[in-house]
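Have a look at the structure below before the remarks.
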Amino acid sequence: MTRKRVGVLISGRGSNLGALIEACKAPGYPAKIVLVISNVPSAQGLLRAESALIPALVINHKDFAAREEFDAALDNALEEAGVELLCNAGFMRLHSEGFVERWRNRHLNVHPSLLPAFRGLHAHERVLEASATITGCTVHFVRAEMDTGPIVAQAAVPVLPGDTPESLGARVLEAEHRLYPHALRLVASGEVRVEDEHVVRTTQITPQPPFFSPPLDEAL
Ligand code: GRF
């Protein structure tokens, strides 16, 4: 089996990167991480890459006059490492349209809500303000508009009485750590592809995405 060569873009803690690193250790997992890039020099996620012996780079957006120049530097590094699939994992920069086009249908993002609801920042605060009783997380292909693009997989997470943005965020993050490796597996193995801006299955037998995380009977 040839594993797809994956690049991961981060800006901070890198817990989703950690989940992807763990997943890639499994025999038969169809992807391996060959490069991690952070736009923030102090990002904790860089240490995770280092301890997993994965090449990691800082490309600081502040060193570039224009978004396109920063994206070109990202692109060069990714090409040089032979990256085939790109995963944003807590990467806090918008990409230029050219970059998005170059990586079209080869570029994933994880967002901490059930898209298309609660796009953008502070999703958990807004879920609580709206008194929603279910939220979750989404892995989707990247498009130029923030938090849009064909959805690969979602997991639902209950909102519990007394939740704060922090407690809800922690529960959703656990689901992200299960969902992102699952979604990357689907894409890297070719079990899904994009047709007419929708993700379609190319095989009959597919693993089921986690639905409620934690299972509802444990949560309530
Ligand atoms: C995650 O909640 C992700 O959904 C959002 O940013 C957060 C990143 O967390 N895009 P981490 O850096 O992976 O720990």
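The values are calculated or read from the model by the stated rules, or taken from the named source; none is laboratory data. In this text the structure is predicted, and so the values were computed from the model without any measurement. Methodologically, a virtual Cβ is constructed for each residue, glycine included, from the backbone with ideal geometry; neighbour enumeration extends over all protein chains shown. Note: areas computed on protein heavy atoms with side chains; ligands, DNA, RNA excluded. Shrake-Rupley method; radii C 1.70, N 1.55, O 1.52, S 1.80 Å.
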Practice task
For segment 38-105, state which trypsin sites (Lys or Arg not before Pro) are in a DSSP loop and have at most 16 other beta carbons lying within 10 Å of their beta carbon.
Solution key: R93, R104
Fill in the blank from the handout: Amide H proximity to T135 below 5 Å, modelled H, separation 5+ or other chain, gives V157, V159
Practice task
Along each of the three principal axes of the Cα atoms of segment 35-96, give the extent in whole Å, ordering the values from largest to smallest.
Solution key: 32, 25, 17
Exercise for the section: May I have the pair-distance distribution P(r) for segment 74-194, computed from all Cα-Cα distances with 5 Å bins from 0 and rounded to whole percent? Expected result: 2, 11, 22, 21, 18, 12, 8, 4, 1, 0
Fill in the blank from the handout: Heavy-atom accessible area with a 1.4 angstrom probe orders T148, T202, T133, most exposed first, as T133, T202, T148
Fill in the blank from the handout: Taking Cα atoms only, helix 165-188 is inclined relative to the longest principal axis of the chain by an angle, in degrees rounded to 10, of 50 degrees
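With only alpha-carbon atoms in the gyration tensor, what are the semi-axes of the equivalent ellipsoid for the chain, in Å, largest first?
Calculated on Cα positions only, the semi-axes equal 27, 21, 17 Å.
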Practice task
Measure off 7 Å from each Cα along the Cα-to-Cβ vector at S131 and A170, then give the distance between these two points in nanometres to one decimal.
Solution key: 2.7 nm
Problem - Computed [θ] at 222 nm, helices only, for the chain once each DSSP H run of length n ≥ 4 contributes -39500 (n - 2.57) - result: -9500 deg cm²/dmol
Practice task
Obtain the nm distance between the two label points defined at E101 and K62 by a simple spin-label model: each point lies 7 Å from its Cα along the Cα-to-C-beta direction.
Solution key: 3.2 nm
Exercise for the section: Quote the accessible area belonging to M1 in square angstrom, nearest 10, computed with a 1.4 Å probe and with ligands, DNA and RNA left uncounted. Expected result: 150 Å²
Problem - Karplus 3J(HN,Hα) series, Hz, for segment 113-120 with 6.51 cos²θ - 1.76 cosθ + 1.60 (x for Gly, Pro) - result: 7, 7, 4, x, 6, 6, 5, x
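With a 1.4 Å probe and all protein chains left in place, how much accessible area per residue does the chain have, in Å²? All intermediate terms of the calculation are to be shown ahead of the outcome.
Details: 10760 Å² over 220 residues.
In whole numbers, the chain has 49 Å² accessible per residue.
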Completion exercise
The answer for H107, listing residues at least 5 apart or on another chain whose modeled amide H is closer than 5 Å to its amide H, is L86, V142
Fill in the blank from the handout: Cα-based Rg then Dmax for segment 39-140, in Å, read 15.8, 47
Handout entry: Candidate aspartates and glutamates - alpha carbon under 12 Å from K32, same-chain residues fewer than 8 apart omitted
Key = E22, E84
Practice task
Determine ³J(HN,Hα), in whole Hz, for all residues of segment 123-140 in sequence, where each value follows from phi through the Karplus function 6.51 cos²θ - 1.76 cosθ + 1.60 and θ = phi - 60°; x replaces Gly and Pro.
Solution key: 4, 5, 4, 6, 4, 5, 4, 7, 6, 5, 9, 9, 9, x, 8, 9, 10, 9
Exercise for the section: Give the long-range amide H neighbours of G12: residues separated by 5 or more places, or on another chain, with amide H under 5 Å away, using H modelled in the peptide plane at 1.01 Å from N. Expected result: G45
